[in-house]
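Trainee: One structure coming up, written as structure tokens, with questions to follow.
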Amino acid sequence: MTWLNRDVTEIGGQRLHPETLMMGYGYFPGLSEGAVKCPIFQTSTFVFRSAGEGKRFFELAYGLSEPAPQESIGLIYSRLNNPNLEILEGRLAIWDGAERALAFSSGMAAISTCLFATCRPGDAVIHSNPVYGGSDYLLDKVLPQFGIRTVAFDAGKGAQGLRDAVEAARETARVAAVYVETPANPTNGLVDLAACSAVADELGRRQGSRPLVIVDNTFLGPLWQRPLEHGCDIVVYSLTKYVGGHSDVVAGACVGSRQALEPVHLMRTILGTMTDPHTAWLLMRSLETLELRFRKSVDNATRVAGFLRGHPKVERVAFLGFLDPDSEEGRLYARQCLAPGATFSFFVKGGEREAFRVLDELQLVKLAVSLGGTESLASHPAAMTHSDIEPARRAALGITDNMIRVSIGIEHPDDLIADFRQALATI
């Protein structure tokens, strides 16, 4: 049966789960000499069976003609499509329950391609704060160079800030997108996704065109948060993080409906921001163990965060699992998130000197940026990932000199706790 050109998505009425489908969905061993794993299609171009076929493929690729029922774009050139890319995208879409996914050369390639496909000079983008440092630079410094205005609101402070930002933007521009990162990097502040969708619907009625709601879901991934189920349009990921999960690839993705992603797909084709076949192959490997790795990381993070919370030299721990269930943010967490994730920040008593001392004394936890790998990492956001943000604005966002961001991996939790204990003892 596995040699047939057919995907099995249910057996005996049992709908197969994503973690099962990651083992073979979209790949047919009979087309590759029976190889149980998909080979790497390391080729730049593909042979057409006839000139007419080549013409038809290009008509579909550039939107010159509508596809017939069950017709898809044939293989042309690896900037447009590639078997590894297409299989990866099919599997990524499964996790979010989406119609389509697009893979990119990095998370920032996904975010920038998506925003450039969505916005035009004179438009405005509403966005949450804080966001990843690269995203902040794009929003604060790059988009305005193209005549695109950006207006921010604070994550973790309720929906009123979002509404205020919308009104401020509406004074001078059409709102083309609502871009949010939730949980926020590095504070773990939450943004109400259903409220963002409702605001976009209202704006659609008021300005005649509904802005896209674009969500960076890197911190929780499709296992622990599903923005499309809350009315959002496009989900973006740094696949470098939990999906890749081994700190050996750089890649990104956009996931959503075919309609929402079609302009992004065309922009990706022209900009050339897709991922390469080898990286796509590595990501397919990683998707097979995504749930196992992420569950273990969350279990470990809960243990480590609990230790840090009770340590006398730790001022506060920004771990989603510690939110007061009766608070507004705690209720939002219960509605929107399925687990607290494995990346969080803690604040040592003191300032930069004390934070640096802890980071320098860690022996098992590695001092490096990024997150979501099998190994645990620690970094100093104010001096590293968010260092290009003006100090006053950085402090207002809660990114203080005594903040340490950690990404907890899959080591034994007792060993991680021992490492943090000895490092904290030095301050």
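The values are calculated or read from the model by the stated rules, or taken from the named source; none is laboratory data. From a predicted model like this one, the values you see are computed outputs, not experimental measurements. Counting neighbours? That spans all protein chains shown, and the Cβs are built from the backbone with ideal geometry, glycine included.
Trainee: Within the range 235-294, which residues are part of a loop (DSSP other than H, G, I, E, B) and among the β-branched types (Val, Ile, Thr)?
Mentor: Thr240, Val243, Val249, Val250, Thr273, Thr275, Thr289
Trainee: Tell me, yes or no, whether the range 197-210 has at least one residue that is among the hydrophobic types (A, V, I, L, M, F, W, C) and part of a loop (DSSP other than H, G, I, E, B).
Mentor: no
Trainee: Could we say that Thr374 is at pLDDT below 95 and within 21 Å of the chain's Cα centre (by Cα) here?
Mentor: For Thr374, the condition - at pLDDT below 95 and within 21 Å of the chain's Cα centre (by Cα) - is not met.
Trainee: Then there's this: Output the helices (runs of 4 or more DSSP H) that fall wholly within the range 301-396 and possess 3 or more residues being touching an Asp or Glu at 6+ places or on another chain (Cβ under 8 Å), or say none.
Mentor: Counting at least 3 such residues, we get 328-336.
Trainee: Determine the pairs where a residue that is in contact (Cβ under 8 Å) with a residue 60 or more places away in the chain, located within the range 398-415, has a partner that is among the β-branched types (Val, Ile, Thr) with Cβ atoms under 6 Å apart, the partner being 6 or more residues away or on another chain.
Mentor: If the second residue must be among the β-branched types (Val, Ile, Thr), the pairs left are Gly398/Thr187; Asn402/Val348; Ser407/Thr343; Ile408/Val304; Gly409/Thr374; Ile410/Thr374.
Trainee: Of the residues Leu16, Leu88, Leu21, which is closer than 22 Å to Leu290 by Cβ, in the same structural domain as Leu271 (by TED's automatic domain parsing), within 27 Å of the chain's Cα centre (by Cα) and surrounded by 15 or more Cβ atoms within 10 Å (Cβ to Cβ)?
Mentor: So the residue among Leu16, Leu88, Leu21 that is closer than 22 Å to Leu290 by Cβ, in the same structural domain as Leu271 (by TED's automatic domain parsing), within 27 Å of the chain's Cα centre (by Cα) and surrounded by 15 or more Cβ atoms within 10 Å (Cβ to Cβ) is Leu88.
Trainee: Which of the residues belonging to the range 117-145 are within 15 Å of Pro186 (Cα to Cα) and assigned to a strand (DSSP E or B)?
Mentor: Ser128, Asn129
Trainee: Can I ask one more? Being assigned to a loop (DSSP other than H, G, I, E, B), at pLDDT 90 or above and either among the basic types (Lys, Arg) or in contact with an Asp or Glu (Cβ under 9 Å, 6 or more places away or on another chain) (or both) is the filter here; which residues of the range 43-73 pass it?
Mentor: Arg49
Trainee: Just wondering, is there one or more residues in the range 384-394 that are modelled with pLDDT of 95 or more, outside the structural domain of His246 (by TED's automatic domain parsing) and over 19 Å from Thr240 (Cβ atoms)?
Mentor: no
Trainee: Got a number for residues in the range 398-427 being surrounded by 20 or more Cβ atoms within 10 Å (Cβ to Cβ), more than 21 Å from the chain's Cα centre (by Cα) and assigned to a loop (DSSP other than H, G, I, E, B)?
Mentor: Number satisfying all stated conditions: 3.
Trainee: Return the residues of the range 159-215 that are within 16 Å of Pro130 (Cβ to Cβ) and surrounded by fewer than 19 Cβ atoms within 10 Å (Cβ to Cβ); say none if nothing qualifies.
Mentor: Within the range 159-215, just Gly161 meets the criteria.
Trainee: Turning to a different aspect of this structure: Give me a count of the residues in the range 73-89 that are within 18 Å of Cys254 (Cβ to Cβ) and in contact with a Ser or Thr (Cβ under 6 Å, 6 or more places away or on another chain). Even if it seems obvious, please write down each step before you answer.
Mentor: Keep residues of the range 73-89 that are within 18 Å of Cys254 (Cβ to Cβ), which gives 73, 79-82, 84-89.
Now restrict to residues that are in contact with a Ser or Thr (Cβ under 6 Å, 6 or more places away or on another chain): 80.
Residues flagged as within 18 Å of Cys254 (Cβ to Cβ) and in contact with a Ser or Thr (Cβ under 6 Å, 6 or more places away or on another chain) within the range 73-89 amount to 1.
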